[in-house]
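Notes follow the structure.
The values are calculated or read from the model by the stated rules, or taken from the named source; none is laboratory data. Nothing here was measured: the structure is a model prediction, and the numbers come from that model. Neighbour counts are summed over all protein chains in view; Cβ atoms, including those assigned to glycine, are modelled from backbone coordinates with ideal geometry.
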Amino acid sequence: NWIMKDFIEEKVKEIKEKTKGEKVLLGLSGGVDSSVAAALINKAISKDLVCVFVDTGLLRKDEAKKVKKQYEELNGLNIVYVDAKKRFLDKLKGVKDPEAKRKIIGREFIEVFNEEAKKLKEDKEIKFLAQGTIYPDVIESVSVKGPSHTIKSHHNVGGLPEDLKFEIIEPLRELFKDEVRKLGYRLGLSKEIVGRHPFPGPGLGIRVIEEVTEEKVRLLQEADEIFIEELIKNDLYDKVSQAFVTILPVKTVGVMGDVRTYEYVVSLRSVNTIDFMTAKWSRLPYELLETVATRITNEVRGVNRVVYDITSKPSGTIEWE
Ligand code: XMP
């Protein structure tokens with residue numbers, strides 16, 4: 001706690017000195033990292049911070065609504081909401097490669113920010129872009145062996161275009177996830193924000209394996225909501241580090257009543273980890289897995305098979321793409 005207090009004071013000072021009264025734009029995702037970054041920067045330069053929440057259409061179900069409600073409680077935070085659902089989906093049309101998707105999503109984010117910055121410029125030019133990049137994002141994106149050995153480009157690190165017009169501020173760059181959470185509580189954020197499972201910047205764009213379509217995103221949102229709901233109901237949400245559903249680009253044969261079906265497979269993944277650099281799959285109770293599988297196949301039209309991912313990291317990463 002000692003160290004946390006020093007860390008906050010040091011960062012507040014650093015941010016003030018760096019920005020010198022200039023405006024800072026921050027991409028707020030609703031996730032832990034960007035929320036904590038927002039709270040920290042808000043503490044330093046409240047009136048000069050503008051948060052932009054981009055609805056990419058690749059968010060969890062009703063996420064935009066939930067985020068709005070959550071942040072209303074955080075007073076003083078200046079938030080602009082942008083509906084960019086259509087443009088993200090358009091750009092992703094036909095794209096299958098995971099790294100290509102990450103780059104497209106990262107670039108589109110920056111483009112949206114650029115546009116918002118231009119709109120805000122009439123008031124005052126925006127010089128800085130703040131991001132909730134944390135330490136594991138940095139190491140996983142920048143391999144010591146060179147770019148060809150990069151594991152994956154976490155979109156807030158690897159996907160930035162070269163002609164970027166902002167100077168970047170990343171106050172959480174040295175921190176691990178558990179430290180970010182401690183910092184969040186220290187800054188007065190609620191458990192609802194700080195205790196959330198992490199959600200990747202590219203969102204469901206990398207949980208729809210291969211091509212992203214509106215229909216698959218919808219199936220995924222429905223399935224994911226059921227999985228999370230059951231974890232919460234069974235008091236397991238806080239006991240696992242991250243849980244989510246991925247939709248595979250495969251249809252398999254099934255049976256419903258006595259009719260043949262040919263529909264998508266989804267995979268449940270739940271992991272336990274401290275730092276997200278390595279992870280073990282969670283030993284979830286069979287009963288819970290059964291309930292989730294039954295509910296998903298009954299309630300989500302278009303999915304007839306559910307599998308549970310028992311891969312640890314390594315060899316699998318946490319996300320599938
Ligand atoms: P992986 O899949 O690399 O994920 O084992 C480790 C953690 O990072 C999250 N993740 C991301 N977070 N931008 C982010 O902000 C990204 O591009 C990104 N990719 C993965 C992932 O959900 C897990 O918590």
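Close Cβ contacts (under 6 Å, 6 or more residues apart or on different chains) running from residues in segment 231-246 that are closer than 16 Å to Ile296 by Cα to residues that are within 11 Å of the ligand (Cβ to nearest atom) and not in a strand (DSSP E or B) comprise Thr246/Arg207; Thr246/Trp320. Residues in segment 281-302: is at least one within 16 Å of the ligand (Cβ to nearest atom) and surrounded by 12 or more Cβ atoms within 10 Å (Cβ to Cβ)? Yes; the residues of segment 281-302 include at least one that is within 16 Å of the ligand (Cβ to nearest atom) and surrounded by 12 or more Cβ atoms within 10 Å (Cβ to Cβ).
Filtered by the rule that a residue be surrounded by fewer than 22 Cβ atoms within 10 Å (Cβ to Cβ) and either touching a strand residue (DSSP E or B) at 6+ places or on another chain (Cβ under 9 Å) or of a type in the set (Asp, Glu) (or both), segment 190-205 gives Glu192, His197, Pro198, Phe199.
Residues that are of a type outside the set (Phe, Trp, Tyr) and surrounded by fewer than 19 Cβ atoms within 10 Å (Cβ to Cβ), at least 2 per element: which helices (runs of 4 or more DSSP H) completely within segment 1-116 meet that?
Values: elements: 2-19, 32-45, 63-72, 85-92.
Filter on segment 1-116 gives 2-19, 63-72, 85-92.
Here is a yes/no grid of residues against (1) more than 19 Å from Val208 (Cα to Cα); (2) under 23 Å from the mean Cα position of the chain (by Cα); (3) outside the structural domain of Lys216 (by TED's automatic domain parsing); (4) part of a strand (DSSP E or B):
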site	(1), (2), (3), (4)
Tyr262	no, no, no, yes
Ser267	no, yes, no, yes
Ser270	no, yes, no, yes
Asp275	yes, yes, no, no
Arg283	yes, no, no, no
Leu288	yes, no, no, no
Ala293	no, no, no, no
Ile296	no, yes, no, no
Asn304	no, no, no, yes
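Taken across segment 21-44, residues that are at pLDDT below 90, basic (Lys, Arg) and more than 16 Å from the ligand (Cβ to nearest atom) do not occur at all. On inspection, Arg218 fails the criterion of being crowded, with 18+ Cβ neighbours inside 10 Å, within 22 Å of Lys96 (Cα to Cα) and not hydrophobic (A, V, I, L, M, F, W, C).
Every residue in segment 117-139 that is within 11 Å of the ligand (Cβ to nearest atom) and not in a helix (DSSP H, G or I), please. Matches in segment 117-139: Gln131, Gly132, Thr133, Ile134. If the condition is being away from the ligand (no atom under 13 Å from the Cβ) and either touching a Phe, Trp or Tyr at 6+ places or on another chain (Cβ under 9 Å) or in a helix (DSSP H, G or I) (or both), then segment 182-208 contributes Lys182, Leu183, Gly184, Tyr185, Arg186, Lys191, Glu192, Ile193, Val194, Gly195.
Of all positions in segment 307-314, at least one carries a residue that is more than 12 Å from the ligand (Cβ to nearest atom), part of a strand (DSSP E or B), within 19 Å of Asn234 (Cβ to Cβ) and under 23 Å from the mean Cα position of the chain (by Cα). Does Ala223 satisfy the condition of being buried (at least 17 other Cβ atoms within 10 Å of the Cβ), outside any loop (DSSP other than H, G, I, E, B), away from the ligand (no atom under 13 Å from the Cβ) and of a type in the set (A, V, I, L, M)? The answer is yes for Ala223. For segment 240-276, a residue qualifies if it is of a type outside the set (Val, Ile, Thr), away from the ligand (no atom under 16 Å from the Cβ) and surrounded by fewer than 17 Cβ atoms within 10 Å (Cβ to Cβ), and the qualifying residues are Pro249, Lys251, Gly254, Met256, Gly257, Asp258, Arg260, Tyr262.
When His149 is tested against (1) at pLDDT 95 or above; (2) more than 13 Å from the ligand (Cβ to nearest atom); (3) closer than 29 Å to Val250 by Cα, exactly one condition is not met: (1).
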